[in-house]
Amino acid sequence: MHILDLTLPSAAANLACDEALLDACDEGDGPEVLRFWEPREYFAVAGYANELARELNLPACHEAGLIIYRRCSGGGAVLQGPGCLNYSLVLKIGGPLETITGANRHIMERQREASAAVLDGAVEVKGCTDLARNGLKFSGNAQRRKRRALLFHGTFLLQFDLGLMERFLTMPSRQPDYRASRPHQRFVMNMDVAASELKESLREIWKAREPLPEAPDCKKLAAEKYSRDEWNLKF
């Protein structure tokens with residue numbers, strides 16, 4: 001598997017990069033990739049089908065000038081910013097990845113092992129695609145599938161300002177049973193580990209050793225999709 005540690009200048013470009021990597025793999029010529037990127041500013045990202053008014057405190061977002069984006073995968077709305085580590089896996093569909101449930105199970109078990117290695121303690125897969133320790137979530141993940149390849153991506157909370165979640169995110173319209181209606185600050189936690197340490201553990205788990213020779217050109221996709229209200233604010 002190839003490795004790409006690349007943070008582009010804008011959130012739109014980073015979201016577009018994930019989709020461009022997926023498209024390249026699905027079309028047959030692109031390789032499987034593990035990518036890392038780390039946000040430099042705060043912004044919100046809605047899941048593909050999220051209704052923004054239900055998942056975000058829109059008045060607070062507008063007052064603060066917080067930009068809202070929409071990703072190509074499912075799942076709920078999240079707040080991003082410094083202290084988060086994002087990863088993206090682009091994999092060819094087959095074997096344990098043949099179904100949505102199988103892919104969730106296979107990938108999340110590897111993510112659990114990588115996280116447990118750096119936390120030196122028990123880590124559980126909770127809900128469908130959460131990672132938690134002592135009932136506190138520190139990673140959320142989502143999946144998008146095409147004909148021959150899939151994108152599985154998510155965020156690890158390392159040293160994030162958790163209090164901002166209460167300000168900008170509403171209680172999600174859908175929540176796993178283990179959340180038990182807890183507010184954000186009683187439901188999430190930071191891993192409090194160095195990004196470099198977690199990256200190395202993930203690289204080892206996925207055997208991602210070969211640098212990707214060239215990042216995809218995603219400027220057009222970023223400009224025509226992820227920078228436009230027609231996509232980001234459509235629901």
Name the residues in the stretch 8-48 that are part of a loop (DSSP other than H, G, I, E, B) and among the charged types (D, E, K, R), would you?
Glu27, Asp29, Glu32, Glu38, Arg40, Glu41
Which residue, of Leu79, Leu66, is crowded, with 20+ Cβ neighbours inside 10 Å and part of a loop (DSSP other than H, G, I, E, B)?
Leu66
Residue hits (the stretch 140-161; more than 16 Å from Leu21 (Cα to Cα) and open to solvent by 30 Å² or more (accessible area, probe 1.4 Å)) are Gln159, Asp161
From the residues in the stretch 170-187 that are surrounded by fewer than 20 Cβ atoms within 10 Å (Cβ to Cβ) and in contact with an Asp or Glu (Cβ under 7 Å, 6 or more places away or on another chain), which one is nearest to Lys126 (Cα to Cα)?
Pro176
Taking the condition more than 18 Å from Tyr226 (Cβ to Cβ), touching a Lys or Arg at 6+ places or on another chain (Cβ under 7 Å) and crowded, with 20+ Cβ neighbours inside 10 Å, does Leu131 pass?
yes
Would you check if there is a residue in the stretch 43-52 being free of Cβ contacts under 8 Å to residues at least 12 places away in the same chain and surrounded by fewer than 14 Cβ atoms within 10 Å (Cβ to Cβ)?
no
Scanning the stretch 198-235 for residues that are closer than 15 Å to Ala16 by Cα, touching a helix residue (DSSP H, G or I) at 6+ places or on another chain (Cβ under 7 Å), open to solvent by 30 Å² or more (accessible area, probe 1.4 Å) and assigned to a helix (DSSP H, G or I) gives Leu221, Lys225, Trp231
State whether one or more residues within the stretch 123-139 are more than 22 Å from Ala194 (Cα to Cα) and in contact with a strand residue (DSSP E or B) (Cβ under 7 Å, 6 or more places away or on another chain).
yes
Every residue in the stretch 1-34 that is within 14 Å of Cys84 (Cβ to Cβ) and either charged (D, E, K, R) or open to solvent by 10 Å² or more (accessible area, probe 1.4 Å) (or both), please.
Thr7, Leu15
Pro39 touching a helix residue (DSSP H, G or I) at 6+ places or on another chain (Cβ under 9 Å) and modelled with pLDDT under 95:
no
Looking only at the stretch 1-26, how many residues end up being among the acidic types (Asp, Glu) and free of Cβ contacts under 8 Å to residues at least 40 places away in the same chain?
0
Residue that is under 28 Å from Glu51 (Cβ atoms), of a type in the set (S, T, N, Q) and free of Cβ contacts under 8 Å to residues at least 60 places away in the same chain, where the choices are Gln143, Gln80, Gln185:
Gln185
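The values are calculated or read from the model by the stated rules, or taken from the named source; none is laboratory data. None of these values were measured; they are calculated from a predicted model. A quick note on method: Cβ atoms are made from the backbone with ideal geometry, for glycine too, and the neighbour counts reach across all protein chains shown. Ligands, DNA and RNA are stripped out before the accessible areas are found, and what is left, the full protein with its side chains, is counted by its heavy atoms. Shrake-Rupley method; radii C 1.70, N 1.55, O 1.52, S 1.80 Å.
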